Amino acid sequence: MKSYKIACIPGDGIGKEVIPAGQTVLQALADTLKQFSFEFSAFDWGGDYYRQHGVMMPEDGLNALYDKDAILFGSAGDPDIADHITLWGLRLKICQGLDQYANVRPTRILPGIDAPLKRCQPKDLDWVIVRENSEGEYSGVGGRVHQGHPLEAATDVSMMTRAGVERIMRFAFALAQSRPRKLLTVITKSNAQRHAMVMWDEIAVEIAKEFPDVTWDKELVDAATARMVNKPATLDTIVATNLHADILSDLAAALAGSLGIAPTGNIDPERRYPSMFEPIHGSAFDIMGKGLANPIGTFWCAVMLLSHLGEDHAASLLMQAIEKVTADTSLHTGDLGGTATTAQVTDAVCNHIRSLG
Ligand code: ATP
Ligand code: MG
């Protein structure tokens, strides 16, 4: 029987609640299907670790992750620690250190979810956003001079490399090709950003030649926000830069009903390193420790994790269990307008796994 090594990094805030819930659900799948097992290892990195050690994770922490099959990550964020420290010191350190260059965000309106677009049928919104996850606006290149002086200045350089753009475009075209509609929208801002974004557009044209059966178009990021609201059914797979996709995917998550549902995969498509799966939501300190966090985003991450491991049957079983639970409004958490607890939702998903499996 296959055994998968899974690193669990709950991080901060409600990450500490939803990641154990994710582990419970994965274990229920393993116990029910008896086709594979999990070896979980937990890492206490995050804000509390920072208060003790002055860093969000150990300097050599990546060494503990290389031999894992996948990583389940909660959230990095702490009201007492600057956001750039929590983000760069943990999440981005892992994403960049393990070269998880493709960030993949499926978005659908799950059964029972009251999504805000009243003119839109659930079937009209079925997207996968591919976010460039290694460079661009978040390359970390830049600097600050003359701090506190009237001449103070600062830059954040959006650095894009040909190799970096080619690999994310190729990944996005291949993903679009694997989906039924074979449709890709390339998000750009080359009308205003005249260097890197122009190269981005040119590379899209080049890579498209490798995928003659994929229909694709180009959309400015500002126009794309309106199109997501007004004509959601014209979109399927979407590829965008690090910053653009960051913003578009929060919009997508909101249009699908709640931040609490949406998952992300930080993928190394070449499989040199483990990929990392995390709910889109952050640490949500306002509801932390109350058992009220919606664990569905983490469960959907577990679906992606299982697909990534090649466990497609387990992945589809878990997705079915999730959809049965979202369809029951008595099991909705506060973010969806209900009163259910993390534990109730977790138990219900586990029960469906047992009855479906
Ligand atoms: P961070 O700074 O880490 O991004 P945040 O405080 O901005 O954290 P988010 O997680 O980004 O919080 O979400 C914003 C709000 O949405 C939260 O304050 C919370 O009320 C709600 N929310 C987010 N995720 C969930 C969830 N899984 N379940 C219930 N409510 C959630
Ligand atoms: Mg936030």
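What follows draws every value from the coordinates through simple rules; no lab data is involved. Not measured: the values here are computed from a predicted model. Positions of Cβ are backbone-derived with ideal geometry, glycine not excepted, and every protein chain shown enters the neighbour counts.
Values as computed for the structure displayed
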| quantity | calculated |
| --- | --- |
| Label zone at THR155, where the point sits 7 Å out along the Cα-to-Cβ direction: region 188-212 residues whose backbone N lies under 16 Å | 194-197 |
| Among SER41, SER258, SER283, residue whose mean-square fluctuation peaks in a GNM of the chain (springs only between Cα atoms under 10 Å) | SER41 |
| Length-normalised contact order of region 253-341 in % [C-alpha pairs under 8 Å, at least 6 apart] | 26 |
| Over the chain - Rg/Rh using Cα atoms and the Kirkwood inverse-distance radius | 0.96 |
| Full-extension gain in nm, THR234 to LEU62, via 0.36 nm per residue minus C-alpha separation | 57.9 nm |
| Cα convex hull of region 18-94, projected area averaged across orientations, nm² | 5.6 |
| For region 263-315: span of alpha carbons on each principal axis (Å, largest first) | 38, 23, 12 |
| At q = 0.17, 0.26 Å⁻¹, base-10 log of I(q)/I(0) for region 144-216 (Debye sum, equal scatterers on each alpha carbon) | -0.68, -1.13 |
| GNM result for the chain, Cα springs below 10 Å: residue of ARG144, ARG194, ARG272 fluctuating most strongly | ARG144 |
| Reachable lysines from LYS93, criterion Cα separation under 28 angstrom, eight or more residues apart if same chain | LYS5, LYS16, LYS68, LYS189 |
| Principal axis box of region 205-255, alpha-carbon based, largest edge first, Å | 33, 23, 16 |
| Computed P(r) (all Cα pairs; region 195-279; 10 Å bins; percent) | 13, 39, 39, 10 |
| Over region 75-147: Kirkwood hydrodynamic radius from C-alpha pairwise inverse distances, Å | 15.6 |
| Long-range Cα-Cα pairs in region 253-357 (distance over 25 Å), rounded percent | 21 |
| Choice from GLU219, GLU206, GLU132 showing the highest fluctuation, given a GNM over the chain with Cα pairs closer than 10 Å | GLU206 |
| Calculated SAXS-style log₁₀ I(q)/I(0) at q = 0.11, 0.16 Å⁻¹ - region 134-259, Debye, Cα scatterers | -0.43, -0.82 |
| Within-14-Å neighbourhood charge of GLY47 [Cβ basis; K, R +1; D, E -1] | -3 |
| Over region 1-148: Kirkwood hydrodynamic radius from C-alpha pairwise inverse distances, Å | 18.0 |
| Additional length obtainable on full extension of the chain from HIS313 to ASP286, 0.36 nm per residue less Cα span | 6.1 nm |
| Rg/Rg_ref, region 72-199, where Rg_ref = 2.2 N^0.38 Å and atoms are Cα | 1.34 |
| Theoretical ellipticity at 222 nm over the chain - DSSP helices of four or more residues, -39500 (n - 2.57) apiece, nearest 500 | -11500 deg cm²/dmol |
